[in-house]
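Colleague: Quick one: structure below, then a few questions.
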Amino acid sequence: MSGRTAAAQHERSLPHRVRLVEVGPRDGLQNEAAMVPTDVKLRLIELLADAGFAAVEATSFVSPKWVPQMADAADVMAHIHRKPGVRYPVLTPNLKGFEAARAAGADEVAVFVAASESFSTRNINCTIAESLARAEPVFAAAAAAGIRVRGYISCVLGCPYEGEIAPAAVASVAGRLHEMGAYEISLGDTIGTGTPGKTRALIESVIREVPLRHLAGHFHDTYGQAIANVYAALESGVATFDCSVAGLGGCPYAKGATGNVASEDVVYLMQGLGIETGVDLVRLRSAGRYITEYFGRPTGSRVARALDAKEPLDAIEPRGR
């Protein structure tokens, strides 16, 4: 078999389309020290929906004591200009958060647990078993209300306290979330220490407990491996990925962490592979420029920086405008 034929067959084995979940307005902003005004968050959400994302994670119904940046969650949900076909999921750590999210009109929520006992006890103040037990009433209430629940698992490829995490441990947690009713489980490389080989091994382990179609990848770029890990997950059959406009975000538990994989970089990768995302890269770059100009700092997206140097947005007329 020629190299070209082998490459062509390999590309055909990749998904034809992927679903991208934009997490910038929540995961990207939650660790910002200075409060971001509600109207800025709303404008960012609107720009991202206009760029073509089918899901834009809007906010988090957590205690303002722990995450002050998300104190305006109800206001955000009350004033979103909902675009037909776009979902606006929110994070809900417990039943109280779920009830607040439901009252605010959320149609999809997410719960989170860790794959590391040390991370769970130090940062969520409970064991893994306790965090799963805490999620059970959320699943029950959501099912009764007809609201979808997504599951997040932290530290799937490494923990700041324990180091490497056994894939079997992640698979066990994922299996429990799936049993409780999570329609999708996002595997989060919270501190960005994963590599492609470890990503493939992780997915091979998790699919013994959860069907592949119910998995998503969530990669941080601390060691510059996020895009490589996205590709490795694609090769393994994963077709849903979380990403953050302009690479917003960071992990407070990993010194030097550079945040989530940039949405622009993921879209550029998919375009190069001929994989559909539904996201317009020009409009996405505009959203990224909006929020980085607000913060007064450069974008965290390498693709945006390269394209801006080559063809500034001011010289481009976005499609459909």
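Laboratory data are not the source of any read-out in this text; all were calculated from the coordinates shown. Source: prediction; values computed, not measured. Methodologically, a virtual Cβ is constructed for each residue, glycine included, from the backbone with ideal geometry; neighbour enumeration extends over all protein chains shown.
Colleague: Over the range 178-284, what is the relative contact order in whole percent, taking alpha-carbon pairs under 8 Å and six or more residues apart?
Modeller: That works out to 25 percent.
Colleague: Of all DSSP beta bridges in the chain, what percent run antiparallel (nearest 5)?
Modeller: Roughly 5 percent of the beta bridges in the chain run antiparallel, per DSSP.
Colleague: What lysines sit close enough to K65 to cross-link, taking a C-alpha to C-alpha distance under 21 Å and skipping anything fewer than 8 places away on the same chain?
Modeller: Within the straight-line limit of under 21 Å, K65 reaches these lysines: K41, K96.
Colleague: Follow-up question, since we're still on this one. Only Cα pairs under 8 Å and at least 6 apart count here; give the relative contact order of the range 105-255 as a rounded whole percent.
Modeller: 21
Colleague: Leaving out same-chain residues fewer than 8 places away, which lysines sit with a Cα under 26 Å from that of K198?
Modeller: K255
Colleague: Can I ask one more? Over the range 1-146, one equal point on each Cα, no solvent: what is log10 I(q)/I(0) by the Debye formula at q = 0.09, 0.20 Å⁻¹?
Modeller: -0.36, -1.22
Colleague: If you don't mind, another one. Hey, how much of the P(r) for the range 3-315 falls beyond 34 Å, as a percent of Cα pairs?
Modeller: 16
Colleague: What FRET efficiency do you get for Y231 and R208 if R0 is 22 Å and r is their Cβ-Cβ distance, rounded to the nearest 0.05?
Modeller: The value I calculate is 0.45.
Colleague: Hey, how many Å between the Cα centroid of the range 113-137 and the Cα centroid of the range 87-112?
Modeller: 18
Colleague: Quote the relative contact order of the range 3-315 in percent (integer), defining contacts as alpha-carbon pairs under 8 Å separated by 6+ residues.
Modeller: Relative contact order here is 19 percent.
Colleague: So, counting K/R as plus one and D/E as minus one, what does the shell of residues with Cβ under 10 Å around G278 add up to?
Modeller: Within the 10 Å Cβ shell, the charges total 0.
Colleague: With 10 Å bins from zero, work out the P(r) of the range 180-222 over every alpha carbon pair and list the percent per bin.
Modeller: Taking every Cα pair in the range 180-222, the percentages come to 27, 55, 18, 0.
Colleague: In 10 Å bins starting at zero, report the fraction of Cα pairs in the range 71-164 per bin as a rounded %.
Modeller: Taking all Cα pairs of the range 71-164, the binned fractions are 16, 41, 29, 13, 1 percent.
Colleague: Taking other Cβ within 10 Å of each residue's Cβ, how do K96, K65, K41 sort, fewest first?
Modeller: K65, K96, K41
Colleague: Treat the count of other C-beta atoms within 10 Å as a stand-in for reagent exposure and order D39, D27, D50 from fewest to most.
Modeller: D39, D50, D27
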